[in-house]
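The structure appears below as structure tokens.
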Amino acid sequence: MYLISAYFDSETNKKIQYLIDQMYESTGNDFMIKNKVPPHITIAAFEQKDKNKAIEIFKLFSENIESSSIYIASIGAFLPSVVYIEAVQNKYLYELSKKANEYILQSSQAKCNRFYMPLQWIPHITIGKQLDKEQMRKGFEILQDLFNPIHAKIVRFSLSKPKPYEEIEVIELEK
């Protein structure tokens, strides 16, 4: 599995990392901290046996890509064990999703993850993962107290592999 992910400016990172840290403090669940998961939005996920083909897909995707702002407006959950904050799917995010999946589908060996296809994808930033029922309750409680909508700027993209996390290629749009 490969992921194409978007990362944020330093101010946004601090705000989101604070929420992740407070989720850990409130619930005791250290998944995000232990696994050093940085604040990000996964734009596309796909299977590809050939690492060089995956890199080629990412390079095609990242051509002529620009930085842009997004609005993180809400909290949500993927039941039974994930709490996230959700970005409004604006034209920029939709076009990123569409572009990534078009390049993935052009490769005969690649297979898109259906949960990251355009118009089937919820642009989200995971705050807590592998939470039990009580941790989910506490997580929502802490986010209700701490979360405020965030104007965020996407400034970096990467191609990575999860489990264990390995960043393969990176494109910096601005710092």
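The values are calculated or read from the model by the stated rules, or taken from the named source; none is laboratory data. In this text the structure is predicted, and so the values were computed from the model without any measurement. Cβ sites come from the backbone with ideal geometry, for glycine too, and all protein chains shown count toward neighbours. We work out accessible area using only protein heavy atoms, side chains counted, and drop any ligands, DNA or RNA first. Shrake-Rupley method; radii C 1.70, N 1.55, O 1.52, S 1.80 Å.
On region 2-172, 49 percent of the accessible area sits on carbon and sulfur atoms, based on a 1.4 Å probe.
Going by accessible surface with a 1.4 Å probe and the largest first, I57, I171 read I171, I57. If the chain linking L79 and K133 were pulled fully straight, counting 0.36 nm for each residue of separation and taking away their Cα-Cα distance, it would gain 18.5 nm. Computed extension length for I171-E47: 42.6 nm, one decimal, from 0.36 nm per residue of separation with the Cα-Cα distance subtracted.
Accessible area per residue for region 2-172, computed on protein heavy atoms with a 1.4 Å probe, is 53 Å².
Dipole magnitude of the chain about its Cα centre, charges +1 at Lys/Arg Cβ and -1 at Asp/Glu Cβ only, in debye to the nearest 20? It would help to have the intermediate numbers written out before the result.
Details: 22 positive and 22 negative charges, 82 e Å.
Around 400 debye, computed over the chain.
Using per-residue counts of other Cβ atoms within 10 Å, averaged over each peptide, order 62-70, 121-129 from highest down.
Numbers: 62-70: 13.8, 121-129: 21.4.
In descending order of packing, they fall as 121-129, 62-70.
Look at the dipole of region 2-172 built from charges on Cβ: of A6, V82, I72, the Cα furthest out on the positive end belongs to V82. Ordered from highest to lowest accessible area with the whole protein assembly present and a 1.4 Å probe, R114, R137 read as R114, R137.
What per residue convex hull volume, in Å³, do the alpha-carbon atoms of the chain yield? Don't jump to the answer; show the numbers that get you there.
Details: hull volume 18.3 nm³, N = 175.
Roughly 105 Å³ of hull volume per residue.
Spin-label model, Y18 to I122: label points 7 Å out along the Cα-to-beta-carbon direction sit 2.5 nm apart. Just how far, in whole angstrom, is region 22-79 from region 104-121 if you go by their alpha carbon centroids? One Cα centre to the other: 15 Å.
With every protein chain kept in the model, how would you rank F58, F140 by accessible area, 1.4 Å probe, largest at the top? It would help to have the intermediate numbers written out before the result.
Values: F58 5, F140 60 Å².
Putting F58, F140 in descending order of accessible area: F140, F58.
In straight-distance terms, cross-link reach from K138 covers every one of the lysines whose alpha-carbon lies under 23 Å from its own, apart from those fewer than eight places away in the same chain; here that gives K14, K15, K34, K36, K129.
Taking amide H atoms as placed 1.01 Å from N in the peptide plane, the amide H of A44 lies under 5 Å from those of I4, each 5 or more residues away in sequence or on another chain.
For E25, the solvent-accessible surface with a 1.4 Å probe is about 130 Å², rounded to the nearest 10.
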